[in-house]
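The values are calculated or read from the model by the stated rules, or taken from the named source; none is laboratory data. Values in this document were obtained by computation on a predicted structure and should not be read as measured data. No Cβ is skipped: glycine too gets one built from the backbone with ideal geometry, and neighbour counts run over all protein chains shown.
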Amino acid sequence: MSEPRPFTVHVPDQVLTDLRDRLARSRIPEDSPRRPPSGMTSGYLRELVDHWIGWDWRAREAWLNGHPQFLAGIGGADVHFAHLRSQEAGAPALLVLHGWPHTFALQLDFADLLPEFDVVVASLPGFAFSTPYADGEMSETRLAATMHALMTDVLGYQRYFTYGEDVTANVSDLIAARYPEHVAGIVATHAHFPTAEERTTLDDPEVKEFFDGIAAQHGTDGAYGHVQATRPDTLATALNDSPAGLLAWLTEKLVEWSDTPPGDPRAVERRISRDRILTEATIYWATQTIASSFRPYYEGADQPGPIPPTTVPAAVLVQRHEGTYPESLARRHYLDLRVFDRLTKGGHFTVGEVPEEMAARVREFVRSVGAG
């Protein structure tokens, strides 16, 4: 464990020059005839590549550096995080965790809207500016321990709220379940999923219908995860060498998983602007972290068993991609459920897509339970 040390984002000029040169030489194929639907087309990819070539990264870099950032050695990794301190004495602390394929950067607009909080937006080990774990696996249990240590041992918060998305939904649940004396409350937009074995014991038609729907989508929509879990290095080699390929892989998921109408991938920019899309891609490219970002898919799948129910105050705000999530599941896992609601806007990247809405919801929840 080490004391936090200040960190400044700076991508060397030669990295940006090389990036633009590679982009200018991109070989983008035409859309295949009769191909399955996806969140990317050759036309949209060409637009993004052309924009990226002349795009002002230094302006975005300056914006990122307007948020105080640090590194701290925790459990075999140098963990990167933004730490936005409130000017209000005794402000509640909030830990914000990203998933895949986004980074901490997509969540900063949300953090900016909570000046009455101490907000910690952390990068998972092996993502963005956090180093991977030096040894051992990247399991959800280990991530929970690392992030809890960041909040308590490194930053000194004895009580804090937690929020996670995608691969950190379980991490946030684990933090609340394992460290309830330190967690003042949990906010979940990706509410808890029971394990496959646990589901066999649930005799509830609504639950069965929900998971049958998830399974029906998984055959095509889950292909990315199967590749990342079974052939991670083969895929990463291609994406780490081609910025156009990396951009296509990342943006396809931003399009498909965000709360935007299907048909035109450009619609994603109604929720996630082009500047923000290219910020994500540039961070992955400059840090060469696409390979290490796959680690949760092949190292984190085997967990030590079901996550125990959480007893801390909880707010479940169901994002639209899981819009039929049964309230009975939430009440089974979040034993002190204070809020259950279904969002009318906002998809997989919830706080990045609807930061104003989520800031208001979090503010209301925290006020209702107190900072503890």
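Of the set (1) out of contact with any His (no Cβ under 9 Å at 6 or more places or on another chain); (2) at pLDDT 95 or above; (3) assigned to a loop (DSSP other than H, G, I, E, B), all apply to residue 371 but (2). Among the residues making up region 296-347, those that are among the aromatic types (Phe, Trp, Tyr) and out of contact with any Phe, Trp or Tyr (no Cβ under 7 Å at 6 or more places or on another chain) are 297, 298, 334, 340.
Taken over region 57-94, residues that are touching a helix residue (DSSP H, G or I) at 6+ places or on another chain (Cβ under 8 Å) and modelled with pLDDT under 95 amount to 1. Within region 29-73, if we keep just the residues that are exposed (fewer than 14 other Cβ atoms within 10 Å of the Cβ) and of a type in the set (A, V, I, L, M), the residue that is nearest to residue 133 (Cα to Cα) turns out to be 62.
Of all residues in region 136-158, those that are without any contact (Cβ under 8 Å) to a residue 60 or more places away in the chain, in a loop (DSSP other than H, G, I, E, B) and touching a His at 6+ places or on another chain (Cβ under 9 Å) total 1. Inspect region 176-196 for any residue being in contact with a Leu (Cβ under 6 Å, 6 or more places away or on another chain), surrounded by 22 or more Cβ atoms within 10 Å (Cβ to Cβ) and either β-branched (Val, Ile, Thr) or assigned to a helix (DSSP H, G or I) (or both) and give the result as yes or no. The answer is yes; a qualifying residue exists. Out of 7, 81, which single residue is of a type outside the set (Gly, Ala, Ser), more than 28 Å from residue 258 (Cα to Cα) and either under 22 Å from the mean Cα position of the chain (by Cα) or surrounded by 15 or more Cβ atoms within 10 Å (Cβ to Cβ) (or both)? Being of a type outside the set (Gly, Ala, Ser), more than 28 Å from residue 258 (Cα to Cα) and either under 22 Å from the mean Cα position of the chain (by Cα) or surrounded by 15 or more Cβ atoms within 10 Å (Cβ to Cβ) (or both) holds for just one of 7, 81, which is 7. For residue 225, the test of being assigned to a helix (DSSP H, G or I), of a type outside the set (Asp, Glu), modelled with pLDDT of 90 or more and surrounded by fewer than 18 Cβ atoms within 10 Å (Cβ to Cβ) is passed.
Out of everything in region 95-137 that is of a type in the set (A, V, I, L, M, F, W, C) and farther than 27 Å from residue 252 by Cβ, what residue ends up being modelled with the lowest pLDDT? So, considering only residues that are of a type in the set (A, V, I, L, M, F, W, C) and farther than 27 Å from residue 252 by Cβ, the one modelled with the lowest pLDDT is 134.
Taking region 228-244 as the range and being part of a helix (DSSP H, G or I), exposed (fewer than 15 other Cβ atoms within 10 Å of the Cβ) and not polar (S, T, N, Q) as the test, the residues that pass are 233, 238, 241. Surrounded by fewer than 21 Cβ atoms within 10 Å (Cβ to Cβ), modelled with pLDDT of 95 or more and β-branched (Val, Ile, Thr), is that true of residue 251? Criteria not met by residue 251. In region 1-18, the residues that are acidic (Asp, Glu) form Cβ pairs under 9 Å with partners that are at pLDDT 95 or above, at six or more places apart or across chains, as follows: 3/72; 3/73; 3/154.
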